[in-house]
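Working notes, structure below.
The values are calculated or read from the model by the stated rules, or taken from the named source; none is laboratory data. Because the structure is a prediction, the values reported are computed rather than measured. Please note: Cβ atoms are built from the backbone with ideal geometry, for glycine as well, and neighbour counts cover all protein chains shown.
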């Protein structure tokens, strides 16, 4: 990525996500995430770029971030400085492609501090049962868990590849907020820029006894194909039934 436009560990304000994606480089996840957001909407966006570690564990540490001896926040904690530095408060949060359990746990804490909402993947889960089990790691109302991912055309690989559902969720949430309002959930709204779903999810509108129904009952939002591709499910990760749904929690 362009180091001048995206300095490491510093919140950056973007007013044109599509143009910014051109300076985000070809490796890493930033360019693909910005492109996914731009497919849905053109929101004002705050980005924090972190260095890729030599191992996934090192990358996870860089993403979670810390506070230096001088008081400078790094990684996702830099989002807490966005309002004082940029004049905007990030409210729709995600780390597409790198939201391991450790990252997701920390992101939910940041979301609580910002009174925001985080979209998380069921990281590493291959089956419906694994996704349901993974959900048990969280209790915060400030997050939604999504499984599986979309697929789409990758212009760097010149092939079909995983298209992070969380990145599409960030853009779609901004689009719905702008066009409809906070009261409309992410569920059952067409998603742009995707060509498939990365795992088989059995779904039937008239039958709750399906993979999609089981995932929804266990607070996992899934993906379906019905007149295009859509998120299916509105539940967040709250352990309080009074705050079960995304649109009334945000």
Quiz item: Is it true that some residue in region 45-65 is in contact (Cβ under 8 Å) with a residue 40 or more places away in the chain, over 18 Å from the mean Cα position of the chain (by Cα), assigned to a helix (DSSP H, G or I) and loosely packed, with under 14 Cβ neighbours inside 10 Å?
Solution: yes
Exercise. Kindly indicate which of 124, 193, 152 is surrounded by 14 or more Cβ atoms within 10 Å (Cβ to Cβ), over 12 Å from the mean Cα position of the chain (by Cα), at pLDDT 95 or above and on the phi > 0 side of the Ramachandran plot.
Key: 193
Self-check item: Boolean, residue 181 is on the phi > 0 side of the Ramachandran plot, in contact with a strand residue (DSSP E or B) (Cβ under 9 Å, 6 or more places away or on another chain) and assigned to a loop (DSSP other than H, G, I, E, B)
Solution: no
Quiz item: Is at least one residue of region 66-87 loosely packed, with under 15 Cβ neighbours inside 10 Å, without any contact (Cβ under 8 Å) to a residue 60 or more places away in the chain, in contact with a helix residue (DSSP H, G or I) (Cβ under 6 Å, 6 or more places away or on another chain) and outside any strand (DSSP E or B)?
Solution: no
Practice problem: Search region 29-44 for residues being out of contact with any strand residue (DSSP E or B) (no Cβ under 8 Å at 6 or more places or on another chain) and within 18 Å of residue 76 (Cβ to Cβ), and hand back the single one that is surrounded by the fewest Cβ atoms within 10 Å (Cβ to Cβ). | Solution: 29
Quiz item: When residues of region 93-116 are filtered for being more than 18 Å from residue 66 (Cβ to Cβ), surrounded by fewer than 22 Cβ atoms within 10 Å (Cβ to Cβ) and within 15 Å of the chain's Cα centre (by Cα), how many remain?
Solution: 3
Quiz item: Among (1) out of contact with any helix residue (DSSP H, G or I) (no Cβ under 9 Å at 6 or more places or on another chain); (2) more than 29 Å from residue 113 (Cβ to Cβ); (3) in contact (Cβ under 8 Å) with a residue 24 or more places away in the chain; (4) part of a loop (DSSP other than H, G, I, E, B), where does residue 209 come up short?
Solution: (3)
Quiz item: Can you find a residue in region 31-39 that is more than 14 Å from residue 97 (Cα to Cα), in contact (Cβ under 8 Å) with a residue 24 or more places away in the chain and over 18 Å from the mean Cα position of the chain (by Cα)?
Solution: no
Exercise. For residue 227, work out the one condition from (1) in contact with a strand residue (DSSP E or B) (Cβ under 8 Å, 6 or more places away or on another chain); (2) closer than 21 Å to residue 92 by Cβ; (3) in a loop (DSSP other than H, G, I, E, B) it doesn't fulfil.
Key: (2)
Quiz item: Any idea how many residues of region 115-131 are in contact with a helix residue (DSSP H, G or I) (Cβ under 7 Å, 6 or more places away or on another chain) and not in a loop (DSSP other than H, G, I, E, B)?
Solution: 7
